[in-house]
Amino acid sequence: ATGEGAGARAAFESALRISPTQTGAQAGLGRALLALQLWAEAEAPFRRAIAQVGTDASAYAGLAEVLEHTQREPEAMQAWDGAIDRAPGDTAIRLRAAELAHRTQQNALARAYVDRVLTDAPRHAPALVLRGIIASEEGDRNAARAALTAALSGEGAIDRAAVEQRRDDALGDEHEDQRPERLAEEERRGGGRGEQHRAQGALLALAVPG
């Protein structure tokens, strides 16, 4: 992969030396540098690509990746929004924006992005997983369980073992009141209340003449 990235970098740099304004070459160079994990070097080609061709969603997406890798999340979110505006039907771009919003604890925004993905692709397994995680964090166990269950029969690569564990955790939360330790605790509390009621009855019996 490194060799391919280096070869692509050389090819795009050569093309740009011949024609600096060649359409797509700047974004191509940016993607080659991303593949080599040269984040700082990749930023300039993507910005030049955006300046040259303002409708290129891939250039905005590439810039967003660079900004994420360099810990500039607010700017990255703006770049993802730019990519979405130029390719509103691209579920991969919208999901990446949702993932960034979730990582930066903007769950309402993440939910809006992922719900749009699921409107366009209801069986999108990675989006369903993220929807389930968000619902779980918001305390909506039913929605979390439904989304995670749907993800297991959805389309797209997911970590099935991790998703099953999350789903089982949600199921466990639902039946928490039936766990043995909870039942024992309730019985103990109930027994305590019975003793209290019996003591109150004895006092009343003493207070009322027979």
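Structure values in brief
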item: Any pair with Cβ under 7 angstrom, 6 or more apart, that starts in segment 126-138 at a residue that is more than 14 Å from GLY156 (Cβ to Cβ) and in a helix (DSSP H, G or I) and ends at one that is modelled with pLDDT under 95 and open to solvent by less than 20 Å² (accessible area, probe 1.4 Å); result: SER136/ALA170
item: Considering residues of segment 63-96 that are polar (S, T, N, Q) and open to solvent by 50 Å² or more (accessible area, probe 1.4 Å) only, the residue nearest to ARG131 (Cα to Cα); result: GLN78
item: Members of segment 9-31 found to be more than 24 Å from ASP85 (Cα to Cα) and of a type in the set (A, V, I, L, M), listed by number; result: ALA10, ALA11, ALA15, LEU16, ILE18
item: Selection within segment 122-139 - open to solvent by 30 Å² or more (accessible area, probe 1.4 Å) and either within 25 Å of ALA87 (Cβ to Cβ) or modelled with pLDDT of 95 or more (or both); result: PRO122, ARG123, HIS124, PRO126, ARG131
item: Lone qualifier among TYR60, TYR113 - being among the aromatic types (Phe, Trp, Tyr), at pLDDT 95 or above, farther than 22 Å from ALA15 by Cα and surrounded by 22 or more Cβ atoms within 10 Å (Cβ to Cβ); result: TYR113
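To keep it simple, each residue is scored yes or no on (1) among the small types (Gly, Ala, Ser); (2) surrounded by 11 or more Cβ atoms within 10 Å (Cβ to Cβ).
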{"position": "ALA10", "(1), (2)": "yes, yes"}
{"position": "SER14", "(1), (2)": "yes, no"}
{"position": "TRP39", "(1), (2)": "no, yes"}
{"position": "GLN52", "(1), (2)": "no, yes"}
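The values are calculated or read from the model by the stated rules, or taken from the named source; none is laboratory data. Keep in mind that what you see is a predicted model, and the values were worked out from it rather than measured. Cβ sites come from the backbone with ideal geometry, for glycine too, and all protein chains shown count toward neighbours. To get the accessible areas, we keep the full protein, side chains included, count just its heavy atoms, and leave off ligands, DNA and RNA. Shrake-Rupley method; radii C 1.70, N 1.55, O 1.52, S 1.80 Å.
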